[in-house]
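S.K.: Below is one structure. I have some questions about it.
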Amino acid sequence: MYKIAVLPGDGIGSEVTVQAVRVLEAVGRRFKREFTFSEALVGGAAYDATGTPLPGETLDLCLSSDAILFGAAGGPKWDSLPPQLRPEAGGILSLRKELGLFANLRPVRVFPSLENASTLKPEVVAGVDLLIVRELTGGLYFGKKHRENLPDGSFRAVDTLEYTTFEIERITRVAFDLARKRRKKVTSVDKANVLESSRLWREVVTALGLEYQDVSLDHMYVDNCAMQLIKNPKQFDVLVTENMFGDILSDQASVLCGSLGMLASASIGGRTGLYEPAHGSAPDITGQQLANPIASILSGAMLLRFSLDLGEEADCIERAVTEVLDLGFRTADLMEQGKTRVNTAEMADLIIERI
Ligand code: IPM
Ligand code: MN
């Protein structure tokens, strides 16, 4: 029996998560696996109900589960709260930190039937299969923050970008180990021409690379990487980078897949892995069944693969998604001429049918 904590959170988080749970239930029936799902509050939803974006019970549930399925956190309603009460810093970021989830894996794979769905040319995106390994509990997100008044009544604000050898080494190891199971190529992304933290990053990655003689390693500045990702994305296998660079590059890379609604993610490294779509709460489309549930559903597949070691079951979900897309069904974000438009729940129904 596998115990899964379900944290739908805010905005479209709850709309897509409920569908991912249905898909996991279908896989459970097909493969005779027993999953139990326990829901808990997080983010703005938790703040509204309890006054904190990460209640103790939620953290306890996460710690006593085998894996966590997360929706999204944040929304305009909570934008003016002090930082530590905001759904982002107080909710998902605290959760990542508390659980020690230092490695965020964001696979960017272009499904064959979506080669025309990107704003980029099909010949550029066809066959793209890369993995962004984003450091998730350090860097600018967690460095010292500070704001002070200046004599003229204006302000000075500071965010700090800090990394230790230890933090760099452990995320790089994750990238190298994953590259070994893929095309054996790691590109480390930094800004070593300007930032001291990046210079340390590059040194540590280079040194660790010596332990992985079978994996090729190169280094790329983040500005160049942003350009290369849309110019020639097929050059990449595994990208490893610091927290904020990874945040930005992964949204950008999602365009290769046709939509941010296709980008799943796994946050691992701690005791319990957390799986969440890379898209946010999307307040503009909340409550209309417009959201693409595939990022959440594919996050569910990653949950099976990484936390529960159920690779066959994960393959089954990925195959079902591929087939439904091949049949021409599309949510609004991916809609093109000649395809059949479906809503959030209908997309999940189709995937469940294939399973
Ligand atoms: C993501 C999101 C979060 C992040 C936000 C919601 C704090 O954008 O998972 O990429 O910046 O990490
Ligand atoms: Mn992001």
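S.K.: Among the listed residues 283, 277, which satisfies the condition of being open to solvent by less than 10 Å² (accessible area, probe 1.4 Å) and not assigned by TED's automatic domain parsing to the domain that holds residue 140?
M.R.: The match here is 277.
S.K.: When you scan the stretch 298-306, do you find a residue that is surrounded by fewer than 22 Cβ atoms within 10 Å (Cβ to Cβ) and either within 16 Å of ligand 2 (Cβ to nearest atom) or in the same structural domain as residue 17 (by TED's automatic domain parsing) (or both), even just one?
M.R.: There is at least one residue in the stretch 298-306 that is surrounded by fewer than 22 Cβ atoms within 10 Å (Cβ to Cβ) and either within 16 Å of ligand 2 (Cβ to nearest atom) or in the same structural domain as residue 17 (by TED's automatic domain parsing) (or both).
S.K.: To continue, here is another question. With the structure loaded, tell me whether residue 311 is open to solvent by 10 Å² or more (accessible area, probe 1.4 Å) and over 22 Å from residue 29 (Cβ atoms) or whether it fails that test.
M.R.: Here the answer is no, as residue 311 does not meet what is asked.
S.K.: Which of (1) out of contact with any His (no Cβ under 9 Å at 6 or more places or on another chain); (2) within 16 Å of ligand 2 (Cβ to nearest atom); (3) open to solvent by 50 Å² or more (accessible area, probe 1.4 Å) is the odd one out, the single condition residue 288 does not satisfy?
M.R.: With respect to (1) out of contact with any His (no Cβ under 9 Å at 6 or more places or on another chain); (2) within 16 Å of ligand 2 (Cβ to nearest atom); (3) open to solvent by 50 Å² or more (accessible area, probe 1.4 Å), residue 288 is out only on (2).
S.K.: Would it be correct to say that residue 274 is within 12 Å of ligand 1 (Cβ to nearest atom), touching a residue at least 60 places away in the same chain (Cβ under 8 Å), assigned to a strand (DSSP E or B) and within 30 Å of residue 18 (Cα to Cα)?
M.R.: yes
S.K.: Still on this structure, please answer the following. Looking at the stretch 249-267, which of the residues that are aliphatic (A, V, I, L, M) and more than 14 Å from ligand 1 (Cβ to nearest atom) is nearest to the chain's Cα centre (by Cα)?
M.R.: Out of the qualifying residues, it is 262.
S.K.: Note down all Cβ pairs under 6 Å where the first residue falls in the stretch 85-96 and is farther than 10 Å from residue 137 by Cβ, the second is within 14 Å of ligand 2 (Cβ to nearest atom) and modelled with pLDDT of 95 or more, and they're at least six residues apart or on different chains.
M.R.: Pairs found: 87/73; 87/74; 88/73; 88/74; 91/73; 92/73.
S.K.: What do you reckon, is residue 281 hydroxyl-bearing (Ser, Thr, Tyr), within 16 Å of ligand 2 (Cβ to nearest atom) and outside any loop (DSSP other than H, G, I, E, B)?
M.R.: It is false that residue 281 is hydroxyl-bearing (Ser, Thr, Tyr), within 16 Å of ligand 2 (Cβ to nearest atom) and outside any loop (DSSP other than H, G, I, E, B).
S.K.: Let me ask something else. Quick test of your reading of the structure: residue 172 fulfils all but one of (1) away from ligand 2 (no atom under 16 Å from the Cβ); (2) not in a helix (DSSP H, G or I). Name the failing condition by number.
M.R.: (2)
S.K.: Just to be sure I understand, how many residues within the stretch 204-244 are among the hydrophobic types (A, V, I, L, M, F, W, C) and assigned to a helix (DSSP H, G or I)?
M.R.: Residues that pass the stated criteria total 11.
S.K.: Can you work out which of the residues in the stretch 180-191 that are touching a Leu at 6+ places or on another chain (Cβ under 9 Å) and of a type outside the set (Val, Ile, Thr) is most open to solvent (accessible area, probe 1.4 Å)?
M.R.: The extreme case among them is 182.
S.K.: Residue 84 fails exactly one of the following numbered conditions: (1) away from ligand 1 (no atom under 12 Å from the Cβ); (2) at pLDDT 95 or above; (3) not in a strand (DSSP E or B). What is the number of that condition?
M.R.: (2)
S.K.: Take the stretch 44-80 and flag every residue that is within 16 Å of ligand 2 (Cβ to nearest atom) and part of a strand (DSSP E or B).
M.R.: The answer is 70, 71, 72.
S.K.: Might you check whether a residue that is crowded, with 23+ Cβ neighbours inside 10 Å, closer than 24 Å to residue 294 by Cα and within 16 Å of ligand 2 (Cβ to nearest atom) occurs anywhere in the stretch 108-115?
M.R.: yes
S.K.: Another question about this same structure. Here are some residues: 270, 246. Which one is out of contact with any Cys (no Cβ under 8 Å at 6 or more places or on another chain), more than 14 Å from ligand 2 (Cβ to nearest atom) and closer than 26 Å to residue 297 by Cβ?
M.R.: Sole residue among the options that is out of contact with any Cys (no Cβ under 8 Å at 6 or more places or on another chain), more than 14 Å from ligand 2 (Cβ to nearest atom) and closer than 26 Å to residue 297 by Cβ: 270.
The values are calculated or read from the model by the stated rules, or taken from the named source; none is laboratory data. Computed from a prediction, not measured in an experiment: that's the story for all the values here. All Cβ positions, even for glycine, are placed from backbone atoms using ideal geometry, and neighbour counts span all protein chains on display. Only protein heavy atoms, including side chains, enter the accessible area calculation; ligands, DNA and RNA are left aside. Shrake-Rupley method; radii C 1.70, N 1.55, O 1.52, S 1.80 Å.
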